[in-house]
1. When you look at Ala44, is it under 30 Å from Asn119 (Cα atoms) and assigned to a helix (DSSP H, G or I), yes or no?
2. Working only within the range 9-58, note down all residues that are within 19 Å of the chain's Cα centre (by Cα), open to solvent by 60 Å² or more (accessible area, probe 1.4 Å) and more than 24 Å from Leu212 (Cα to Cα).
3. Please identify the pairs in which a residue from the range 50-72 that is on the phi < 0 side of the Ramachandran plot has its Cβ atom under 6 Å from the Cβ atom of a residue that is aromatic (Phe, Trp, Tyr) and open to solvent by 30 Å² or more (accessible area, probe 1.4 Å), counting only partners at least 6 apart or on another chain.
4. Could you check how many residues of the range 196-210 are open to solvent by less than 50 Å² (accessible area, probe 1.4 Å), small (Gly, Ala, Ser) and modelled with pLDDT under 85?
5. Filter the range 110-164 down to the residues that are of a type in the set (Phe, Trp, Tyr), more than 26 Å from Leu5 (Cα to Cα) and in contact (Cβ under 8 Å) with a residue 40 or more places away in the chain, then identify the one that is most open to solvent (accessible area, probe 1.4 Å).
6. Pick from the range 165-180 the residues that are modelled with pLDDT of 75 or more and aliphatic (A, V, I, L, M): which of them is least open to solvent (accessible area, probe 1.4 Å)?
Amino acid sequence: MFNFLNIGIGWLLGFIFQATNHYALSIILLTIVIKFAILPLSLAQLKSSRGLSQIQPQLQELQKKYKNDKETLNLKTVELYKEHKVNPLQGCLPLLIQMPILFALFAVLKDPLIYVFSNNQDLANIANSQVFLWIKDFSQPDKMSSILNYKWAESIPGILPFMAAILTYFQFETMSSTTTSDNEMANSMNKNMKIMFPLMILMFGNGMSAGLSLYWVVSTSFQMIQQILLKPKSIKEAK
């Protein structure tokens, strides 16, 4: 399955590159194409998150009322979900879809000669010769040494991984502002994830290709804008 995705995403990136003749722009456009492709799932995720947030008081009441009767609690919880047309599993769909895409992109952007340029060395040379801002090779990790010409900077993540981590943090901020909960445990988990997940992205960015870091930056920015644009709608619906 992953090899099929590798070939498909590599072909699409190569097609965009031949149209734009700009590798970094091709990665950005590919990211936007992918985000629009999974947009219906992302919208379902946002709707589900808001729905779960709005029925938190009722869920807590059910948990208190049937704390000694798990079977009835489960039945009442399912009834509450149906009544408010909330599907908690929808929140996982975009993540489940994106994980194979991320794995495929990791392979494609790490070895573009095979997947993107179909072993066409001339096209690969054209792409590799294009310097985008401080990035000289998108198949290699973005390190601080690309800006600071010091040996010690080779072990420090570059600007793209830091941007990816910072944007991920603010994405969690945006999500928490649109899906507030009265559940203290859920809020505590959100706070922990808000710190841990960006740190994980920064750590991964230190080893993954700069192209994948660029994908994450554009993808996260897209999703943040989407959440901000849909936020007024949720407030209106709440009224």
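1. No: the conditions fail for Ala44.
2. Lys47
3. Once the first residue is on the phi < 0 side of the Ramachandran plot and sits in the range 50-72, its partners that are aromatic (Phe, Trp, Tyr) and open to solvent by 30 Å² or more (accessible area, probe 1.4 Å) give Thr72/Tyr66.
4. 2
5. Phe162
6. The residue in question is Ala165.
The values are calculated or read from the model by the stated rules, or taken from the named source; none is laboratory data. Since this is a predicted model, take the numbers as computed values, not measurements. Every residue, glycine as well, gets a Cβ built from its backbone with ideal geometry; the counts of neighbours run over all protein chains shown. Heads up: the accessible areas ignore ligands, DNA and RNA and are worked out on the full protein's heavy atoms, side chains in. Shrake-Rupley method; radii C 1.70, N 1.55, O 1.52, S 1.80 Å.
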